Structure formats: structure tokens, C-alpha cells
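Taking it in order: structure first as C-alpha cells, then the write-up.
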Amino acid sequence: MGRLPRNNKILKLAQERAKRKALCLMNEMEESGDLEVYQAYVYGTAFWYAIRGACRLVDPPRVAEWFRPPAQPVLQASDLELYNIWTDGWQLLTIALLLLTMSGLVPLPGSASPASKSAKPYAKALVAVTMFHHVTTSFGAWAHYAKVTHYTPAMGIGVWVNVFLTVAGAVTLAVGFGERGRGRKRA
């Protein structure tokens, strides 16, 4: 009665092997410095989301002014604009917190092992999803940045920071998870 069917034994062995392999890969990433690339990307992206969210929460009317095209007369922001800016701020802060917690870089209370030693099953997906967000946000900002009547410094900042973070995400995917340090010597 204590015996497992053959399929369950095979499944259990496969799970144990996958755990060992994931821990081995994480140790390899730490030794090669690839984890530092991943950490820099996650913390940088979370900071970008948090600073954007904080600006929207602290002073929504000013943010509305930043995004209003210069060709339009100076108007007081409507309640709907302020509401959208305010909720966007909370959404950006939520994305920043989700990114930090799902990445495994911030140790959570009650976790069995330190974050740096545990496998990060969502690492590639997090980088890919945030890259998608950076690309779509930069296209939206570019639509205003490229028009003379719509250009504001806020759009310029949005375009170039998002382009930088998209490139940083591509580097993270290539270096942080590619060959895992093969061919690189760490000093």
C-alpha cells in the first residue's frame, strides 16, 4: 500500500531533477555575474514604474499639464483626466511591486530559502512582459513626441527612457539567461 505506482515515481524523480537543475543554473548565474544583469534590469524597471506612479499620485494636475499638447490652450484638468492619472499612478506602483515580488529578488516573509538561492521560474516572462510594456509605452509617447504641435519634454523623457529600458531588457534576456556566462571570465 505504501508503494507508489510507477508513473508517480517517475514524476517524483523528474521533479527532483528539475529542482536540482534550477538550483544549479541559479548558482551558475550568480557565479558568472549574469544575475547582476537581471537584478539591475528588475530594480531599474521597478524604479521607473515607481517614480512615474509617485508623480501621478502626488500631483495629478501637474501631470495633466505635462501631457497636454502645447498647441492647446492652458485648461484646468477635468475630473476624468485627474481620475485617470491617479488610477494610472496606482497601477504603475502595483506593477513595480509585482515585478519586485515575482522576480524573487526581494525575500518574502516565510520563504524557505533566500531569494538569491531559489529558482526564479518567472524571470524570463517578467523581462519579456516589461519589455512589451516599454515598447508600447514608447510608441504612445513617440506619437506625441514626433508631432511639433504635441511635443513636450515629458514625451521626450518617456520615449528615450522606454527605448533604453527595452534595450536593457533585450540585453538581460541575451546575457542574463542566454549562455549563462559561457565564454566570459569574471575578475
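The values are calculated or read from the model by the stated rules, or taken from the named source; none is laboratory data. Since we're looking at a predicted model, the values are computed, not measured. Glycine also receives a Cβ, built like all others from the backbone with ideal geometry; neighbour counts cover every protein chain displayed.
Restricting 23, 105 to residues that are modelled with pLDDT under 90, under 17 Å from the mean Cα position of the chain (by Cα) and of a type in the set (A, V, I, L, M) narrows the list to 105.
With respect to the conditions (1) farther than 29 Å from residue 71 by Cβ; (2) free of Cβ contacts under 8 Å to residues at least 40 places away in the same chain; (3) not polar (S, T, N, Q), residue 176 lacks only one, and its number is (2).
For segment 134-168, what are the residues that are among the aromatic types (Phe, Trp, Tyr), at pLDDT 85 or above and more than 15 Å from the chain's Cα centre (by Cα)? Passing the criteria: 139, 142, 160.
Do we have any residue at all in segment 82-100 that's within 18 Å of the chain's Cα centre (by Cα), farther than 14 Å from residue 49 by Cβ and either at pLDDT 85 or above or of a type in the set (D, E, K, R) (or both)?
Within segment 82-100 (the criterion being within 18 Å of the chain's Cα centre (by Cα), farther than 14 Å from residue 49 by Cβ and either at pLDDT 85 or above or of a type in the set (D, E, K, R) (or both)), the answer is no, since none of the residues qualifies.
Looking only at residues of segment 76-109 that are touching a helix residue (DSSP H, G or I) at 6+ places or on another chain (Cβ under 9 Å), free of Cβ contacts under 8 Å to residues at least 12 places away in the same chain and farther than 30 Å from residue 125 by Cα, we find that the one that is surrounded by the most Cβ atoms within 10 Å (Cβ to Cβ) is 83.
Of everything in segment 131-173 that is within 21 Å of residue 69 (Cβ to Cβ) and among the aromatic types (Phe, Trp, Tyr), the residue that is surrounded by the most Cβ atoms within 10 Å (Cβ to Cβ) is 145.
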